[in-house]
Amino acid sequence: MSHSEILAASGLTEAELTGGTLAVHTPVDGSEIARLAMHSVAEADEMIATAHEAFLQWRTVPAPRRGEFVRLLGEELRREKEALGALVTLECGKIYQEGLGEVQEMIDICDFAVGLSRQLYGLTIASERPGHAMRETWHPMGVCGVITAFNFPVAPWCWNAALALVCGDPVIWKPSEKTPLTALAVQKICDRVCEQFGDDAPKGLTQVLIGERDLGEALTANPKVALISATGSVPMGRAVAADMSKRLGRTILELGGNNAMIVAPSADLEMALRAIVFSAVGTAGQRCTTLRRLIVHEDVYDALVPRLVKAYAGLPIGDPLAEGTLVGPLIDQDALSAMDKALVQAQAEGGTVHGGGQALAESHGAAAYVNPAIVEMPGQSAIMHHETFAPILYVVKYQSLEQAIDMQNAVPQGLSSCIFSTDVRETELFLSAAGSDCGIANVNIGPSGAEIGGAFGGEKETGGGRESGSDAWKGYMRRQTNTVNYSRELPLAQGIKFDI
Ligand code: NAD
């Protein structure tokens with residue numbers, strides 16, 4: 001498919017794609033593919049006011065009926081899967097299969113949320129007072145602001161939006177300024193769903209804000225936005241947390257990762273090899289769950305690392321829309337410079353670099369194609385504590401599992417982690433309280449590619465938020481404790497008696 005065919009299939013009109021001031025480039029060849037009109041902060045405030053009005057109506061629509069809205073959204077996404085998947089690839093540069101995979105995750109979370117809409121269960125609680133009933137109920141929270149990053153332009157919106165919508169919260173989305181087209185295309189799909197759904201869908205149930213970080217700040221500043229779910233870098237998360245804490249608003253933060261794999265002496269090395277390559281170079285190293293640190297037992301180091309270096313040398317790097325490509329481009333030239341800088345620092349810290357550097361420079365204009373790099377490090381030095389958003393895999397040796405777990409936990413981030421081992425004592429230790437400190441800990445599977453059924457998120461600088469499956473829905477609702485006195489007495493707390 002050509003770039004113009006992908007844009008034509010996106011449903012976005014010529015008028016929408018041109019005439020504005022926000023230039024959108026495709027990482028495929030670096031060329032400009034659109035110039036979008038940006039919203040002003042004043043318009044953002046108006047849209048938030050509309051979303052709040054929508055909340056007042058949507059919160060009274062029964063949850064299973066709200067689930068029907070999300071079911072229709074899932075159906076539309078099924079129909080649009082190829083067109084939207086290709087637009088994801090064009091706009092953010094991940095390979096087409098991954099573009100399709102992102103849309104599939106949207107469909108999956110819609111299915112999950114439809115079931116959830118009939119299961120927003122509360123509790124009944126035993127009261128200590130005679131003739132009293134206690135319960136806990138869950139109510140819609142308010143407008144949910146969703147801020148997203150360039151590397152997953154659509155799926156994280158849906159992990160949030162599908163839950164928020166069944167929970168009774170309208171959604172207002174601030175996508176990355178690097179990937180606004182996919183957000184506009186999704187909003188068009190939502191507009192169609194609203195039409196199908198009828199009057200129960202209030203105006204402004206889902207909206208998109210096109211522009212830069214000032215629009216994200218407009219969301220965090222506005223008390224009518226009850227909840228912000230923000231996906232992106234740690235500095236962005238710190239800024240959002242600080243702004244939200246000023247008004248004590250609720251946040252779900254999904255920030256940077258620095259994910260590790262421990263390869264133990266008993267590991268199945270064939271499986272480990274495939275898992276390493278997939279999770280370290282997939283999406284050109286631009287996933288929050290990308291494998292960045294490989295901690296290998298000294299007994300298997302020589303059997304594994306040279307094979308890995310060889311596998312890297314044969315990776316199909318190229319146009320992400322072309323069949324057979326496994327590594328597409330980085331998002332832009334800044335990302336390429338950051339990668340180069342990290343490799344220079346790694347060398348200065350004693351690392352031996354295999355690979356790295358620009359690939360396909362001549363045939364792809366301003367695009368940033370790179371050779372993924374493996375860096376053998378003498379120990380876990382300063383650069384390894386930092387998330388460089390590029391395909392760099394640092395490799396270190398370990399002697400004891402305790403030492404490996406200490407190394408794995410010694411970085412500021414805490415998103416995803418894994419161990420390759422067939423020794424149950426080792427794997428259980430890794431999953432125990434004394435094991436990995438991450439939000440995701442896997443055994444014999446890499447750190448990336450989480451399923452929507454589990455809660456997704458991580459600890460420490462990753463922000464502590466959870467979205468997607470399990471009971472993450474509770475983050476989008478307010479909890480209420482109810483006590484009902486059905487007796488003819490009024491027993492007061494703490495045995496206090498008022499004689500009136
Ligand atoms: P980024 O932080 O530069 O931007 C993310 C979004 O935040 C953009 O929409 C941006 O406009 C907005 N933003 C920036 N500053 C803001 C502020 N002060 N207030 C409100 N909004 C603001 O991130 P990026 O470069 O697009 O994405 C890469 C980063 O995202 C990596 O660190 C990656 O690990 C992380 N990420 C995390 C997850 C996760 O689930 N943990 C998923 C994907 C990406």
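The values are calculated or read from the model by the stated rules, or taken from the named source; none is laboratory data. Since the structure is predicted, the reported quantities are computational estimates derived from the model, not experimental observations. Counting neighbours? That spans all protein chains shown, and the Cβs are built from the backbone with ideal geometry, glycine included. Each accessible area value is taken on the protein alone, full model and side chains, heavy atoms only, with ligands, DNA and RNA left out. Shrake-Rupley method; radii C 1.70, N 1.55, O 1.52, S 1.80 Å.
Taking label points 7 Å from Cα along the Cα-to-Cβ direction, ILE496 and ALA322 give a separation of 7.7 nm.
The chymotrypsin sites (Phe, Trp or Tyr not before Pro) of the range 108-139 that DSSP puts in a loop, and whose beta carbon has at most 11 other beta carbons within 10 Å, are TYR121. Here LYS188 is the anchor, and the lysines within straight C-alpha reach of less than 20 Å, apart from those fewer than 8 places off in the same chain, are LYS81, LYS174, LYS178, LYS203. Counting only protein heavy atoms and a 1.4 Å probe, the range 259-443 has 39 square angstrom of accessible area per residue.
Which FRET efficiency, nearest 0.05, do ASP268 and ALA49 yield, Cβ-Cβ r, R0 51 Å?
The pair ASP268/ALA49 has a calculated efficiency of 0.35.
Annotation: the antiparallel percentage among DSSP beta bridges lying fully within the range 222-372 is about 15. The fraction of accessible area contributed by carbon and sulfur in the chain is 53 percent, rounded to a whole number (1.4 Å probe; ligands and nucleic acids excluded).
With both labels modelled 7 Å from their Cα along Cα-to-Cβ, the VAL443 to SER4 distance reads 5.6 nm.
In this structure, the amide hydrogen of HIS132, modeled 1.01 Å from its nitrogen in the peptide plane, lies closer than 5 angstrom to those of TYR486, counting only residues at least 5 positions away or on a different chain.
The accessible area of LEU17, taken with all protein chains in place and a 1.4 Å probe, comes to roughly 10 Å².
Each helix, a run of at least 4 DSSP H residues, gives -39500 (n - 2.57); summed and divided by the residues of the chain, these come to -12500 deg cm²/dmol at 222 nm. For LYS246, the lysines whose Cα falls under 20 Å of its own Cα, not counting residues fewer than eight places away in the same chain, are LYS224.
Across all directions, the average projected area of the convex hull around the alpha carbons of the chain is 27.3 nm².
Helix 180-197 axis versus longest C-alpha principal axis of the chain: approximately 30°, rounded to the nearest ten. Each peptide in 313-319, 352-358 receives the mean, over its residues, of other Cβ atoms within 10 Å, and ordering these scores from highest gives 352-358, 313-319.
Let me have the relative contact order for the chain, percent, based on Cα pairs under 8 Å that are six or more residues apart.
RCO, the chain: 18 percent.
Across the protein chains, with a 1.4 Å probe defining accessible surface, the residues CYS194, CYS144 rank CYS194, CYS144 from largest area downward. Note: relative contact order over the range 259-443, using C-alpha pairs below 8 Å and six or more positions apart, is 28 percent. Normalised by the number of residues in the range 135-226, the mean separation of alpha-carbon contacts (under 8 Å, six or more apart) gives a relative contact order of 35 percent.
Taking the Cβ-Cβ separation of GLN347 and ASP191 as r and a Förster radius of 56 Å, what is the calculated FRET efficiency to the nearest 0.05? Given R0 = 56 Å and the Cβ-Cβ separation, E is 0.60. Against the chain, whose longest principal axis comes from its Cα atoms, helix 41-58 is set at around 50 degrees. Output the 0 to 90 degree angle, nearest 10, between the alpha-carbon long axis of helix 96-116 and the longest principal axis computed from the alpha carbons of the chain. Between the helix axis and the principal axis of the chain, the angle is about 20 degrees. For LEU22 and SER337, the FRET efficiency from 1/(1 + (r/R0)^6), where r spans their Cβ atoms and R0 equals 25 Å, is about 0.65. What the range 50-186 shows is 32 Å² of accessible area per residue, with the surface traced by a 1.4 Å probe over protein heavy atoms.
Cross-link reach is defined here as a Cα-Cα straight distance under 18 Å, omitting same-chain residues fewer than 8 places apart; for LYS310 none of the lysines meet it. Of all DSSP beta bridges located in the chain, what percent are antiparallel, nearest 5? So the antiparallel bridges amount to about 40 percent of the total.
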